[in-house]
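Data block below; observations after.
The values are calculated or read from the model by the stated rules, or taken from the named source; none is laboratory data. Since this is a predicted model, take the numbers as computed values, not measurements. Heads up, the Cβs are rebuilt from the backbone with ideal geometry, glycines too, and the neighbour counts pull from every protein chain shown.
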Amino acid sequence: MKKHLLSKSTFLRGLQCEKSLYLYKHYYELKDEVSTQQQAIFDQGTEVGLLAQELFPGGKDASPSSHFKMHEAVLKTREFLEEGETIIYEATFQYNGVLAALDILVKDEEGWKAYEVKSSTSVKEVNIPDAAVQYYTIVNSGIDLVDISIVHINNQYVKQGPIDIHQLFNIESVYDRVMALQPKIPLEVERLKNVVQKDTVPDIDIGPHCDKPYTCDFKGYCWQHIPEYSIFNISNLRVNKKFELYDQGILTLEEINLTQVTFGTHQHLQVEREQNGETHIEHDKIREFIKDLNYPLYHLDFETTGAAVPIYDNSKPYQQLPFQYSLHIEQEDGGIEHREFLAEADRDRDPRIGFIENLIKDLGTKGDILVYNQGFEEGKLKDLQKVFPRLDQEIDAIRKRLKDLMIPFKNKWYYTPEMKGSYSIKHVLPALVPELSYQDLEIQEGGAASTIFGQMVMGNFEGDNQKTREALKAYCKMDTWAMVEILKILKDLTYDRE
Ligand code: SF4
């Protein structure tokens, strides 16, 4: 069997950017490394794919012995079909230089049907060319498909007892949309096969296509000429406007002529302050914010974890479940006390129970609860109210005491160029308290904490559990200590002026 020139995934890569396809085929070593979190997402996809096979039990698996031996899968699929099998997992076909592996191929009384499994919670636009090239390859290999569907996660499913896979998944036919795309597929296949066989890298500059529909994994290579802090970091600026500036040869904020380019108020402030290096402070608003605080102050931060396939009863796919908090309790006289909670990583014990019971105890009944990005914590508390109606009143009381330390930064009452247009605590902290840093911590951001705890729950975490639990605590503690320090800076500012 002649080796294929395109696979389904390289076909999609080529549709996004010919250069990405070419680099992938000829300069694979330039590809960005896969991060631990991306790998966790891929692993989750594999888990979802395997679970979806149970929708059509008893099938034959055509998977190859290694990803580099896809021809084995083609031969196995052919063999299964000849033997009269009617359910085939990883059914793989090759036609006209294109190789496509389908998650589940099924024959029922109506004929052959194709099912492609996605971990997303709806059919995405990018799934249609994906299914269309599959249809093209399968039908031209002699299987007359009567339907092709995307199997995706149903995010309305609430787990109660063992997973009900018929509730967990939605099956949505994309047959009509796939058929509408069919006339284009052979043309695109030819175009992309030509790209692969070129002698030189396609001359394509960076553009909005670098992140659409996926973030390209050659950005590390193609975006080398973009400074670490650039026009692409202007907050909330439309991507097209960023590339308008780029096309004029403007890369840094210093190069922007503010008399010629119109920005929103916050964007203007970001550019202007980068150019003059000055800090912007609205003392009156900050003073009002500080005056409005009621002691003792509870600086609180949650960490959450979620999985495509819910682990605990009364939870939905991807629902973020709180498993950890850090709390710095600050008295008006400056006294500070620290409390924390980190649930046991146990798939048989819902972390939310210990979390909320301890939180209620630790938060007492008086004083404001300061969080950073209130919408997040409030959303999780609302979820907990639904799951634990017996604690409804206590949780409601907590919600009423919440205040958001992000407000002065989100509203740009305090903005310094070091914040680089961001009001996230990861940018605000080094700008305000440069001696405090996440850099020395083993875990440096919430996404990593969430992934690690999820892996611990599933029993597939490969590091030292005890050491990593300490690292999780240190990370969460830093978030609330950062809040204490940030508030201190704000308070100092207002004292100066009184
Ligand atoms: S980074 Fe952009 S230009 Fe470079 S290969 Fe990827 S999509 Fe193409």
- Task: State all residues of the stretch 150-164 that are crowded, with 21+ Cβ neighbours inside 10 Å and without any contact (Cβ under 8 Å) to a residue 60 or more places away in the chain; if no residue qualifies, say none.
- Result: 150, 152
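Listed here are the residues, each with its yes/no results for (1) surrounded by fewer than 22 Cβ atoms within 10 Å (Cβ to Cβ); (2) closer than 30 Å to residue 65 by Cβ; (3) under 26 Å from the mean Cα position of the chain (by Cα); (4) among the hydroxyl-bearing types (Ser, Thr, Tyr).
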residue	(1), (2), (3), (4)
92	no, yes, no, yes
109	yes, no, no, no
128	yes, no, yes, no
138	no, yes, no, no
142	yes, yes, no, no
184	yes, no, no, no
- Message: Any residue at all in the stretch 281-296 that's farther than 30 Å from residue 241 by Cα, surrounded by 14 or more Cβ atoms within 10 Å (Cβ to Cβ), among the basic types (Lys, Arg) and under 29 Å from the mean Cα position of the chain (by Cα)?
- Response: no
- Message: Exactly one of these conditions fails for residue 435: (1) at pLDDT below 90; (2) outside any loop (DSSP other than H, G, I, E, B). Give me its number.
- Response: (2)
- Message: As an exercise: evaluate residue 45 against (1) without any contact (Cβ under 8 Å) to a residue 24 or more places away in the chain; (2) assigned to a helix (DSSP H, G or I); (3) farther than 19 Å from residue 142 by Cβ and give the number of the one condition it does not meet.
- Response: (1)
- Message: Tell me the residue from 195, 201, 178 that is more than 16 Å from the ligand (Cβ to nearest atom) and either aromatic (Phe, Trp, Tyr) or modelled with pLDDT of 95 or more (or both), please.
- Response: 178
- When restricted to 9, 20, 66, the only residue surrounded by 14 or more Cβ atoms within 10 Å (Cβ to Cβ), polar (S, T, N, Q) and within 30 Å of residue 460 (Cβ to Cβ) is 9
- Item | Residue satisfying condition, being closer than 30 Å to residue 117 by Cα, surrounded by fewer than 17 Cβ atoms within 10 Å (Cβ to Cβ) and not β-branched (Val, Ile, Thr), within set 306, 364 | 306
- Of the criteria (1) surrounded by fewer than 20 Cβ atoms within 10 Å (Cβ to Cβ); (2) part of a strand (DSSP E or B), which one residue 78 fails: (2)
- Meets criteria (away from the ligand (no atom under 16 Å from the Cβ) and touching a Leu at 6+ places or on another chain (Cβ under 6 Å)) for residue 7: yes
- Within the stretch 326-335, is there a residue that is more than 18 Å from residue 490 (Cβ to Cβ) and in contact (Cβ under 8 Å) with a residue 40 or more places away in the chain? yes
- Any idea which of (1) more than 16 Å from the ligand (Cβ to nearest atom); (2) more than 25 Å from residue 132 (Cα to Cα); (3) out of contact with any helix residue (DSSP H, G or I) (no Cβ under 7 Å at 6 or more places or on another chain) is the one residue 26 doesn't satisfy? (1)
- Query: What number goes with the only condition from (1) assigned to a helix (DSSP H, G or I); (2) free of Cβ contacts under 8 Å to residues at least 40 places away in the same chain; (3) away from the ligand (no atom under 16 Å from the Cβ) that residue 38 does not pass?
  - Reply: (3)
- Query: From 442, 462, which residue is touching a Ser or Thr at 6+ places or on another chain (Cβ under 9 Å), in the same structural domain as residue 306 (by TED's automatic domain parsing) and outside any helix (DSSP H, G or I)?
  - Reply: 442
- Residue satisfying condition, being of a type in the set (Phe, Trp, Tyr) and away from the ligand (no atom under 16 Å from the Cβ), within set 263, 232, 243: 263
- Which members of the stretch 214-229 meet the condition of being within 11 Å of the ligand (Cβ to nearest atom) and either of a type outside the set (Val, Ile, Thr) or touching a strand residue (DSSP E or B) at 6+ places or on another chain (Cβ under 6 Å) (or both)? 214, 216, 217, 218, 219, 220, 221, 222, 223, 224
